[in-house]
Each structure stands twice: as C-alpha cells, then as structure tokens.
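Just below is one structure, and these are the notes that go with it.
The values are calculated or read from the model by the stated rules, or taken from the named source; none is laboratory data. Please read all numbers here as calculations on a predicted model, not as lab measurements. Note that each Cβ is placed from the backbone with ideal geometry, even for glycine, and that neighbours are counted across all protein chains shown.
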Amino acid sequence: MRVLIAIPVIHTQQDMGSLLEQIKQDYIKKYSQQKWAEHVKSVDEVWNGIRRMIIELDLVYPDVRLYQDGLPVCGKETEIVRDVAATGSKNHQLLLEMLDFGARLMGTEDPQLLLQEYQFLQCTLGTTQTPEEEKKHQEQSKKLLGERDQFIAGQINKSLASGDIGILFLGMAHCVEPYLDPDILVMHLLPSPRERQGEFA
C-alpha cells in the first residue's frame with residue numbers, strides 16, 4: 001500500500017510570479033482593494049493552519065516524497081523551491097522545512113504543459129471576452145488541466161514506492177485521483193472539494 005496525502009493549494013501572492021500584478025488588478029476591479037487585502041491575510045492564515053496539521057502528523061520524513069503544483073521535472077527542483085521560498089511563499093517555505101527534516105522533493109509537472117498554461121493565462125487575464133470566446137477558453141483550460149493531471153499522476157505512480165508517504169500540494173481545480181494506480185490510498189488533509197460541496201447540498 002502506498003499513501004498519498006492531498007493538500008489543496010491556495011496560492012499566495014509570491015506563488016503567482018510575474019502574473020501577480022494582472023491577477024491582483026483583476027481581483028481589485030471585480031471586488032475591491034479591501035477584499036484583496038482580506039484575501040491575502042486569509043490565505044496566509046490557511047497556510048499557517050496547514051503547517052500545524054502537517055507537524056501533528058508526526059511523519060517519518062525520510063519516507064516522505066513531496067509533489068508540488070507548478071514544479072517542473074527539470075533537475076533543478078530544489079533550487080526553484082528555494083528561490084520561491086525566498087520571496088515569502090508559505091507553500092515553498094513549508095516544502096523547505098520538510099526537506100530539512102529529510103523528505104525528498106520530486107519533479108511533478110511537465111515543463112511544456114506549464115509553459116502552455118502560463119501563455120494561456122497571459123492571453124486571458126485582463127481581457128474582455130464574448131460568451132463564445134469565454135466558452136472556448138474554458139474548454140481549452142479544462143483540456144490543459146486534464147493533461148497536467150495525467151502527467152502529475154504518472155509521476156506519482158512511478159516514483160512513490162511501497163511504504164512511502166507522498167504529500168501532494170495541488171490547486172483545487174485539479175483532479176489526479178482517477179489517474180492514480182489503484183494501490184495508492186489518497187487521504188485529504190482538508191476536506192476534498194466534493195466533501196465541501198456536500199456540506200452545502
């Protein structure tokens with residue numbers, strides 16, 4: 001049996017990289033400056049809570065493999081995480097903390113698919129779309145997300161060994177479970193999107 005702990009990623013400002021300003025301005029335009037400040041504060045609080053929950057798991061870190069949304073398979077995974085952590089990313093600071101305890105960091109995503117995602121976001125952020133254009137972009141986004149999920153699952157399937165515990169930090173729009181090997185037991189540190197929907201059904 002292999003165990004994978006799934007943790008939903010809520011991106012901090014630092015995780016957004018060069019897209020931050022566009023995303024921030026779109027958010028403020030849609031809601032308000034105050035709502036943006038409240039959002040940033042709430043995201044930080046969520047990450048503080050995630051860190052506490054992981055500590056309480058009392059993991060044997062040399063048996064832990066870390067998988068991260070947006071981290072390409074490139075041979076420089078640790079360097080990327082250190083660079084992003086240095087900007088203040090709570091997500092990546094947590095990864096570094098676990099690496100210091102002996103966890104192993106795994107390349108998680110296809111670099112070409114990530115580049116396509118970045119280019120797609122660049123084209124759509126801050127633009128006004130017709131209903132037809134919006135529908136087309138949603139379909140393209142869904143297709144790309146599915147391709148990313150299949151690749152991520154493939155990385156986990158081939159690198160998570162028996163007796164290992166994987167920790168997957170992944171955006172809430174993703175769904176990798178259908179593509180995982182049947183012997184991988186998925187546990188959710190927080191309620192899964194489906195469970196959260198059930199609370200309000």
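Structure above, values below:
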{"quantity": "Residue satisfying all of: in region 111-136; among the polar types (S, T, N, Q) and modelled with pLDDT of 85 or more; farthest from G166 (Cα to Cα) among these", "calculated": "Q116"}
{"quantity": "Restricting region 91-127 to residues that are among the acidic types (D, E) and closer than 16 Å to V64 by Cα, the residue that is surrounded by the fewest Cβ atoms within 10 Å (Cβ to Cβ)", "calculated": "D100"}
{"quantity": "Filter result for the condition that a residue is modelled with pLDDT of 70 or more, among the small types (G, A, S) and part of a helix (DSSP H, G or I), over G17, G49", "calculated": "G49"}
{"quantity": "G88 vs. criteria surrounded by 13 or more Cβ atoms within 10 Å (Cβ to Cβ), free of Cβ contacts under 8 Å to residues at least 12 places away in the same chain and not charged (D, E, K, R)", "calculated": "no"}
{"quantity": "Hits in region 40-75 - residues which are under 25 Å from L115 (Cβ atoms) and either hydrophobic (A, V, I, L, M, F, W, C) or exposed (fewer than 13 other Cβ atoms within 10 Å of the Cβ) (or both)", "calculated": "L66, L71, V73, C74, G75"}
{"quantity": "Residue selected from region 162-188 under the condition touching a Lys or Arg at 6+ places or on another chain (Cβ under 8 Å) and part of a strand (DSSP E or B), by the criterion surrounded by the fewest Cβ atoms within 10 Å (Cβ to Cβ)", "calculated": "L185"}
{"quantity": "Sole exception among (1) part of a loop (DSSP other than H, G, I, E, B); (2) at pLDDT 90 or above for L145, by number", "calculated": "(1)"}
{"quantity": "Filter result (in contact with a helix residue (DSSP H, G or I) (Cβ under 7 Å, 6 or more places away or on another chain), modelled with pLDDT under 95 and part of a loop (DSSP other than H, G, I, E, B)) within region 60-110", "calculated": "G70, T87, G88, S89"}
